[in-house]
């Protein structure tokens, strides 16, 4: 599966959490692990370059910049008693 296809699969899974689809702690953990693996894959395959400008990034790869946002979304859903953790 390509990186872009893997991203879209994970994006759909995270979006499904808004509709309460598969909202279980194990599912959140598995999704988070998959997102972390995807970040590793992006780095290993050198999808982005240090000397690359935003306009130089391939259109298909633009969405990959959202991976940290998806990770944050899943982490937020996993938190219990967020106010206590922030303190």
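Points worth noting:
- The value of relative contact order for region 1-86, using C-alpha pairs under 8 Å at least six residues apart, is 44 percent.
- At an R0 of 22 angstrom, the distance between the Cβ atoms of residue 21 and residue 63 translates into a FRET efficiency of 0.60.
- From helices alone, the chain scores -19000 deg cm²/dmol at 222 nm; the rule is -39500 (n - 2.57) for each run of n ≥ 4 DSSP H residues, then divide by the residue total.
- Using a Förster distance of 35 Å, the FRET efficiency for residue 56-residue 79 (Cβ separation, nearest 0.05): 0.45
- Added length on full extension, which subtracts the Cα-Cα distance from 0.36 nm per residue, residue 40 to residue 72: 9.9 nm
Each value in this text was obtained by applying a stated rule to the coordinates, not by laboratory testing. All figures in this text were calculated on a predicted structure; none of them were measured in a lab. With ideal geometry, Cβ positions are generated from the backbone for all residues, glycine too; neighbour counts draw on all protein chains shown.
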